[in-house]
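A.B. asks: Next up is a structure, given as structure tokens.
The values are calculated or read from the model by the stated rules, or taken from the named source; none is laboratory data. Note that this is a predicted model, so its numbers are computed, not measured. Reconstructed Cβ throughout: ideal geometry from the backbone, glycine too, with neighbour counts over all protein chains shown. For the accessible areas, the whole protein counts, side chains as well, though only heavy atoms, and no ligand, DNA or RNA atoms are used. Shrake-Rupley method; radii C 1.70, N 1.55, O 1.52, S 1.80 Å.
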Amino acid sequence: MDDPRALLQVRDLTAQFNRDGVPSRVVNGISFDIAPGEAVGFVGESGCGKSVTARAIMRLAPEGSSVAWGGRILFRGRDLLRIEEREMRDMRGRRIAMVFQDPMTSLNPVMTVGAQIDDMLCRHAGLSRRAARRRTVELLGLVGIRDPALRADDHPHQFSGGMRQRVLIAIAVSCQPDLLIADEPTTALDVTVQAQILRLLMRLGRELGMALMLITHDFGVIAGMVERVYVMHGGDIVESGEVDALFAGPQHPYTRALLAAVPRIETAGRTT
Amino acid sequence: MIRMVAVRLALTLPILLGVSIVAFVLMRALPGDFAQASAGTTAISAEALDTIRRNLGLDQPVWQQYLVWLDGALTGDLGRSFATRQPVTGELLPRLTVTAELTLIAGLMALTMGACTGLASARLRGTTDWAVRGLNSLLLAVPNFVVATLIVLLAGLYFPTVGIFNYVAFASDPLGNIASLLLPALSLALTVSVTISENTRAAVLEVSSQDYVMVARAKGLRAWTILGNYLVRNALTPVITVTGLQLAALLGGSILIETIFTIPGMGQYLFDSIANRDYPAIQAIVLVAATIVLLMNVVVDIAYARVDARVSYD
Amino acid sequence: MVAIGFVMLAALLAIVILGPVIAPYSPSKTSPGSLAGPSAAHWLGTDSIGRDVLSRLIIGGRGTLLITVVAVAIALAAGLVLGLVSGYVGGRVDQAIMRVLDVVFAFPVFLLAIAVVAALGPTLQNLILTIAIVYTPTLARVVRGPVLSVKRWDHVEAARSVGVGEFAIAIRHVLPLVVSPILVQTSLTLANTIFTVTALSFLGLGPPPPDPNWGSMLAEARQFMELAPLTVIGPAAAIVFASLTFIVLANGLREMLDVGSR
Amino acid sequence: MSAPGPLLRVRDLCVTFPARRGRPPVRAVDHVSFDIEPGQTLGLVGESGSGKTTTGRAILQLQPASGGSVRLLGQELTAMRRADLRAMRRHMQFVLQNPYSSLHPRMTVAQILAEPLTVHRSVPRERIPERVAELMTLVGMDPKVVHRYPHEFSGGQRQRVVIARALAVNPDFVVCDEPVSALDVRTQAQIVDLLHSLQEKLRLSYLFIAHDLAIVRAVAHRVAVMYGGRLVELGDAARVYDSPAHPYTRNLLDAVPIPDPARQRAKLAEAAPEPQFRGRDGETGPCVFGEDHAASGTPAWHEVAPGHGVSCRFWPPGACPGQELPRI
């Protein structure tokens, strides 16, 4: 279409939830591209439709709710909204992977963390149990977990929040996806841990050549991580552009208001 | 593991003690005289009554009577039946095995039915969910003794010659024995299966909305893997607990069912004992049943910890 | 769902309250022709000694439901107090109350009821008291669970920090938020109690004759059921209808108040 | 009552959570001391589990302290009788983090605001509606909506109601525990502005607990940094932010993302700092200033400038911060 090199081309994406028979639109026909290896940020306040957009690319509706998607999501030329569920299942995890917001609830409490990476590798890479475990240990080391061979046999409750997010990142990158979607990956974490996770995501993106779609409400997080930014508000993309230009000269009044409200640590505060 | 079992058992001990006190007090708080009752219905002289009192230790303070009784209970001596003058333990044991067998079969039936309908209801939603919940409401409203009565009635009307309603001893014909218990077990299991079904449904729904299931879907795992490793394994814990707790209901229910199907289990023994005012026997039945329930709760807790690594009692 | 439940409840209550007025015969009046089938005079036929089954069902329902409602009301009051105190105060008080309730909970409900009634004699008071005792732990637990979580909610802490007294917090800030699960469980307990009451009567441990009772009617009819199958259906249907009322009501309430499930 | 000196004086406050199932007792708050002057804000920052919320609750006596003293308006709170303490609550109030759960869902805003007034009998019964309307105006809300329930309001509006409830009894001191962290960034700014203007109007003192260092910078006159239940640094906001004396504070400040692409990129490109700190293990022996507190019995606290102090524990292992310190 417009740009044949694009990895992901989203055109006129709409999402509509059906709550108690009342339809409510949360995404109003947005379009954007992500090139291979590119890092793109989506920023906006809660309820602006940024997470729903991410779920649409994964074609994952929240359990028990019905959501109707419209428009097209072209991934390497295939329309993700129209392919068979089987093909989509092969896509998920292998081509497009996702990291979620809350590491405390995102790991299965009754399985060891190793087994939760193993099952992904067995499914997509067709590895045997033993080969999968070798790769799992490598992956845990890659995301910065000490003694990975030992820790692989631990259960999630034996890990801290930051370590769990590392495990979830290991799961997401285990099959070397082309696109990694990170939905508020550091919101639930402490600020020092947040810095570590951001560095990790950046390093992995570079080493594995993945495109990154980073979704966050925090302008500080988005600033150092991505090349381009989309600002979302009320289900629309109100502004987009190169990250430096957008921060230096926001055009849309909403973006300006948002940026102005961000508290800054260098601004002199009050004195006694 | 051994440590955990020990801790759980230790926690159960005070409750067991409480249970034994209740069982003891229940029978000594009779409006009538225990000695009079033990003598049966025949007219009896005052001296003879005194002798009985002494023999039974009824002239001692109540707490001493309790200790003597508890000491006996701990060594397996639950007293002598008033009716047959035989040790209660010896009379109770064979009946206990019959009741245990009936309860076990009914429990397995209820678990199978409940887990399957609950899982189907939660996963398939829509019409299945609606149908299962409707059926559950109806089943829950039909008491087991009504089911049993209706089964016997229908059988009497339409299959008067088929003998599967007559209890067959296990020793004489093992298969026939199990077959003869199937219908009684079914009438017991129906109500209990509803509880298991509703709890399974709620647990699976609860687990389905958890983030880690979303992660599993995002991993592109096959539906069966998600069902087995993510949904069922996490929904198992509450279901195990409920199933264990339903054992009490099954034991209580079997008392009724046994009388309707004339199965020589604990229920029948209880009724014979009530009819005969055979208090030591009643006491023993109550004590044994409560002990079984308590031990089963310990088993449930241990099973819980086996399934869920987060639970530990260290 | 709730609407259906309330309609059924209204029908049940109407029969109970208006029982003596609408019953065509006295429940103990015998007429010639025992075990007769349905006729214009006796809509549901007569029993083994020629009494009108319909009248006995209507009057019998009064006894069954009276015991049920009074017993559950007592159990609810006790469960509410014990559960609220146990959950809200916590600590040793909680431990003590729960251990005592655990003892009662260890007995199979029905077995305990039989044993107590057998020991104390099947009078009306004993029946009510026994049933109240065996269901108190269930209701106390249903109250205690939500209280334990609600008392940690922020608005309770906020009330405390404003200076509201502990008693007022328990009554005003905790209790109103645990009412829904209690309502649902009370309705289910009513259904269960109908079981227990009728089952006890079925075994001959119910309220003493001559008052008719669904359980004893079923037991009586059982002896002649090959001759007159319909006599079994009457009491069986009555029991099922009464418990179904409370189950439908419970499900409706659960849906309406959104307790725990979707 | 209005004795000279700080409004709130906290000395060696300790909170210990009892041992649970095989775990040793946890010292959640460990010898914390600070003062708050009238009309001033102390920002209390730290990561989750650092004990900042527990400190706030312990000051308000919502959490029993295991040691130390808390004096508000010259009155010792830790040993106060229950009835006296309830009366004392008129002077100290609480604003909690989550505006969704800190309002009773079945009470109208009018009822919520009237409750503290009734409890403390601060206003005659017939004047309560008037006072409720006054409070609503004070927090920038329309008094006409008092008969609505909390779920009919947005998060920011609810937080305004929470603040109005706290102000109902004319307190001198308010503990704000993460008052804006559940809100969107624009709402955050509005609530921070509201807290500012209320402070000036009513001469309130705040203990402002937050994990977001940028927001604390905007509201606090002085800042205390907590780590592992202890205060590691305390001083004027400008000093703590611009010339942090403790390496942990420096780490914390360093980790805050800056909404400036070029600088944030440069920051992420640097190697991550070693986040390990020496914990309680090495408590015997001399501290980095060469002083042996265990032997000399002096507090493990060093003033690097007037009113600006650091705890000499919790240094990175092997580091010798003594050489860096003179720079400050």
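A.B. asks: With the cut-off at 31 Å, tell me which of the pairs D:144/D:201; A:50/D:201; D:52/D:201; A:50/D:267; B:219/C:151; D:52/D:267 have Cα atoms farther apart than that. Let's see the in-between values first.
C.D. replies: On the way: D:144/D:201 23 Å; A:50/D:201 40 Å; D:52/D:201 27 Å; A:50/D:267 26 Å; B:219/C:151 39 Å; D:52/D:267 27 Å.
Cα-Cα > 31 Å for A:50/D:201; B:219/C:151; rest within.
A.B. asks: Given Cα pairs under 8 Å that are at least 6 residues apart, what percent is the relative contact order of chain A?
C.D. replies: Working: 477 pairs, mean separation 68.1, N = 272.
Result for chain A is 25 percent.
A.B. asks: For D:301, B:69, what's the largest-to-smallest order of accessible area, 1.4 Å probe?
C.D. replies: Values: D:301 85, B:69 30 Å².
From most accessible down to least: D:301, B:69.
A.B. asks: If you scale each eigenvalue of the Cα gyration tensor by 5 and take the root, what three semi-axes come out for segment B:93-307, rounded to whole angstrom and sorted largest first?
C.D. replies: After scaling each eigenvalue by five and taking roots: 36, 21, 14 Å.
A.B. asks: Can you check what the Kirkwood hydrodynamic radius comes to for segment B:122-181, Cα pairs only, in Å to one decimal?
C.D. replies: Working: mean 1/r = 0.0698 Å⁻¹.
By the Kirkwood definition, the hydrodynamic radius is 14.3 Å.
A.B. asks: Now, a different point. How high is the relative contact order of segment B:116-195, in percent, with contacts defined as C-alpha pairs under 8 Å that are six or more residues apart?
C.D. replies: Details: 46 pairs, mean separation 25.9, N = 80.
Rounded, it is 32 percent for segment B:116-195.
A.B. asks: Inverting the mean 1/r over all pairs of different Cα atoms, compute the Kirkwood radius of segment A:150-253 and quote it in Å.
C.D. replies: Its Kirkwood hydrodynamic radius stands at 15.2 Å.
A.B. asks: Now a separate question. Based on the alpha-carbon set only, what is the convex hull volume of segment A:1-134 divided per residue, in Å³? Show your work: numbers first, answer last.
C.D. replies: Numbers: hull volume 20.3 nm³, N = 134.
Each residue corresponds to 152 Å³ of Cα convex hull volume.
A.B. asks: Name the shape class, rounded, prolate or oblate, that the alpha-carbon gyration tensor gives for segment A:129-171, where a ≥ b ≥ c are the square roots of its eigenvalues, rounded holds for a/c under 1.5, and otherwise prolate holds if a/b is larger than b/c and oblate otherwise.
C.D. replies: Numbers: a/c = 1.87, a/b = 1.51, b/c = 1.23.
The shape class here is prolate.
A.B. asks: Further, regarding this structure: What is the log10 of I(q)/I(0) for the protein assembly as shown, computed with the Debye formula using one identical point scatterer on each Cα and no solvent, at q = 0.08 Å⁻¹?
C.D. replies: After summing over all Cα pairs, the log10 values are -1.05.
A.B. asks: What is the ratio of the Cα radius of gyration of segment C:44-163 to 2.2 N^0.38 Å, where N is its residue count, to two decimals?
C.D. replies: Values: Rg = 20.1 Å, N = 120, 2.2 N^0.38 = 13.6 Å.
Rg over 2.2 N^0.38 Å, computed on Cα atoms: 1.48.
A.B. asks: What distance in nm separates the simple spin-label points at residue C:3 and residue A:251, each placed 7 Å from Cα in the Cβ direction?
C.D. replies: Placing both labels 7 Å along Cα→Cβ, they lie 5.5 nm apart.
A.B. asks: For the ranges C:232-241, D:181-190, what's the packing order if you count other beta-carbon atoms within 10 Å of each residue, average per peptide, and put the highest first?
C.D. replies: Details: C:232-241: 21.3, D:181-190: 18.7.
So the peptides C:232-241, D:181-190, ranked by packing, come out C:232-241, D:181-190.
A.B. asks: Can I ask one more? Rounded, prolate or oblate for segment C:130-232? Axes are the square roots of the Cα gyration tensor eigenvalues, ordered a ≥ b ≥ c, and the cut-off for rounded is a/c under 1.5. Write out the running numbers ahead of the final one.
C.D. replies: Details: a/c = 5.34, a/b = 3.93, b/c = 1.36.
Prolate.
A.B. asks: Just to be sure I understand: of the beta bridges DSSP finds with both ends in segment A:83-237, what percent are antiparallel, rounded to 5? Present the calculation step by step, with values, prior to reporting the outcome.
C.D. replies: Values: 2 of 12 bridges.
In segment A:83-237, approximately 15 percent of DSSP beta bridges are antiparallel ones.
A.B. asks: How many nm is it between the label spots at residue C:126 and residue C:29, if each spot is 7 Å from the Cα in line with the beta carbon?
C.D. replies: With each label point 7 Å from Cα toward Cβ, the separation is 3.4 nm.
A.B. asks: How far apart, in nanometres, would the label points at residue A:12 and residue B:275 be if each is projected 7 angstrom from Cα along the Cα-to-Cβ direction?
C.D. replies: If labels sit at residue A:12 and residue B:275, their model points lie 8.3 nm apart.
A.B. asks: Please state the relative contact order of segment B:93-307 as a whole percent: Cα pairs under 8 Å, 6+ residues apart?
C.D. replies: Working: 227 pairs, mean separation 63.6, N = 215.
That works out to 30 percent.
A.B. asks: Which of B:60, D:34, C:15 sits farthest toward the positive end of the charge dipole of the protein assembly as shown, with +1 on the Cβ of Lys and Arg and -1 on the Cβ of Asp and Glu?
C.D. replies: Selected residue: D:34.
A.B. asks: Could I ask something else about it? Find the sum over both chains of the accessible area lost when B and C are paired, probe 1.4 Å, and report it in Å² to the nearest 100. Write down the numbers at each step before the final one.
C.D. replies: Numbers: alone 17360 and 13160 Å², together 26810 Å².
For B against C, buried area totals roughly 3700 Å².
A.B. asks: Helix-only mean residue ellipticity at 222 nm, the protein assembly as shown, DSSP H runs n ≥ 4 weighted -39,500 (n - 2.57), per residue, nearest 500. What is it?
C.D. replies: Values: 42 runs with 623 residues, N = 1176.
Taken over the protein assembly as shown, the calculation gives -17500 deg cm²/dmol.
A.B. asks: OK, next. Kindly provide the chymotrypsin sites (Phe, Trp or Tyr not before Pro) of segment C:132-235 that DSSP labels as loop, not H, G, I, E or B, and whose Cβ sees at most 16 other Cβ atoms within 10 Å. Mind dumping the intermediate values first?
C.D. replies: Numbers: sites: C:135, C:153, C:167, C:195, C:202, C:214, C:224; in loops: C:153, C:224.
Sparse-neighbourhood loop chymotrypsin sites (Phe, Trp or Tyr not before Pro): C:224.
A.B. asks: Give me the summed buried accessible area for the C-D pair, 1.4 Å probe, to the nearest 100 Å².
C.D. replies: Working: alone 13160 and 16890 Å², together 28360 Å².
Buried area (both sides, nearest 100 Å²): 1700 Å².
A.B. asks: Still on this structure, please answer the following. What Rg and what Dmax come out for chain A when only alpha-carbon atoms are used, in angstroms?
C.D. replies: So, for chain A, Rg and Dmax equal 19.2, 66 Å respectively.
A.B. asks: Sticking with this one: Could you work out which residue, out of C:177, C:57, C:218, moves most in a Gaussian network model of chain C, that is, has the largest mean-square fluctuation with Cα springs under 10 Å?
C.D. replies: C:177
A.B. asks: When the solvent-accessible surface of protein heavy atoms is calculated with a 1.4 angstrom probe, in what order do B:130, B:63 fall, highest first?
C.D. replies: Working: B:130 200, B:63 155 Å².
So the residues, ranked largest to smallest area, are B:130, B:63.
A.B. asks: Moving on to the next point. Any aspartates and glutamates with Cα under 20 Å of the residue C:29 Cα? List them, leaving off those in the same chain fewer than 8 positions away.
C.D. replies: Output for residue C:29: C:47, C:52, C:211, C:220.
A.B. asks: For chain C, taking Cα atoms only, what is the radius of gyration to one decimal and the Dmax to the nearest whole Å?
C.D. replies: For chain C, the Cα-based Rg and Dmax read 21.7, 76 Å.
A.B. asks: Count the DSSP beta bridges whose two residues both fall in the protein assembly as shown, then state the antiparallel fraction as a percent rounded to the nearest 5. Before the final figure, lay out the partial values.
C.D. replies: Working: 56 of 93 bridges.
Antiparallel bridges make up about 60 percent of those DSSP assigns within the protein assembly as shown.
A.B. asks: Provide a list, ordered by number, of residues in segment D:46-86 showing at least 50 Å² less accessible area with every protein chain present than when their chain is taken on its own, using a 1.4 Å probe.
C.D. replies: Residues shielded by partner chains are D:47, D:62.
A.B. asks: Sticking with this structure for a sec: P(r) for segment D:1-96, please, calculated from all Cα pair distances in 5 Å bins and given in %.
C.D. replies: The distribution over segment D:1-96 is 3, 12, 23, 24, 20, 10, 5, 2, 1, 0, given as percents.
A.B. asks: Report the semi-axes of the equivalent ellipsoid for segment B:255-311 in whole Å, largest first, where each axis is √(5λ) for an eigenvalue λ of the Cα gyration tensor.
C.D. replies: Working: eigenvalues 224, 37, 5 Å².
Output for segment B:255-311: semi-axes of 33, 14, 5 Å.
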